[in-house]
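All remarks here apply to the structure that follows.
The values are calculated or read from the model by the stated rules, or taken from the named source; none is laboratory data. Because the structure is a prediction, the values reported are computed rather than measured. For neighbour counting, all protein chains shown are included, and Cβ atoms are generated from backbone atoms with ideal geometry for every residue, glycine included. Accessible surface is based on the protein model in full, side chains and every heavy atom, while ligands, DNA and RNA are left aside. Shrake-Rupley method; radii C 1.70, N 1.55, O 1.52, S 1.80 Å.
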Amino acid sequence: LWDATVWTEVAKWEYGTKVYGVAFSADDRLLACACGDNLVRFIDMASHRETAELDGHSSYVHFLAFSPDGT
C-alpha cells in the first residue's frame, strides 16, 4: 500500500498469489483484496492487519465493491 502524496510505502502484505482486485469501504476503514487463492481478505486500515477472510469461492474473484452504506 502506497501513500501517493509522498510516494512512500505504508504497508505490505504478502500472500504468495496474485491480487485480482481491491476495494476500500466507504469510510476507508477496510480494504478488501481478491486473491488468486480464491479468498477475499479484509484488512483494517488503522492497524494494517488482516481481520477476516471469505472462502468458498470455486474460482478467482476478479472484482470487489462495498455498498455505499458500508456493507
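Rounded to the nearest 20 debye, the dipole magnitude of region 3-42 is 140 debye, with +1 charges on Lys and Arg beta carbons, -1 on Asp and Glu beta carbons, and the Cα centre as origin. Please report the spacing between the Cα centers of region 12-27 and region 30-58 in Å, no decimals. Their Cα centres are 7 Å away from one another.
Taking R0 as 30 Å, what's the FRET efficiency between Ala65 and Val6 from their Cβ-Cβ distance, rounded to 0.05? Rounded to the nearest 0.05, the efficiency is 0.60.
For the chain, report the % of Cα-Cα distances exceeding 19 Å. Tail of P(r) above 19 Å: 34 percent of Cα pairs.
Taking Cβ atoms as reference points and 9 Å as the exclusive limit, the residues near Leu39 contribute a net charge of -2, counting Lys and Arg as +1 and Asp and Glu as -1. Taken one residue at a time, the phi angles of region 3-19 give Karplus couplings (6.51, -1.76, 1.60, θ = phi - 60°) of 8, 6, 6, 10, 6, 10, 6, 9, 7, 9, 10, 10, 10, x, 8, 5, 10 Hz. Gly and Pro are set to x.
Of the chymotrypsin sites (Phe, Trp or Tyr not before Pro) in region 1-39, which ones lie in a loop per DSSP and count no more than 14 other C-beta atoms within 10 Å? Here the sparse-neighbourhood loop sites are Trp7, Trp13, Tyr15. The share of accessible area on the chain that comes from carbon and sulfur is 53 percent, using a 1.4 angstrom probe. About the centre of its Cα atoms, the chain shows a dipole size close to 140 debye [charges on the beta carbon of Lys, Arg (+1) and Asp, Glu (-1) only; nearest 20 debye].
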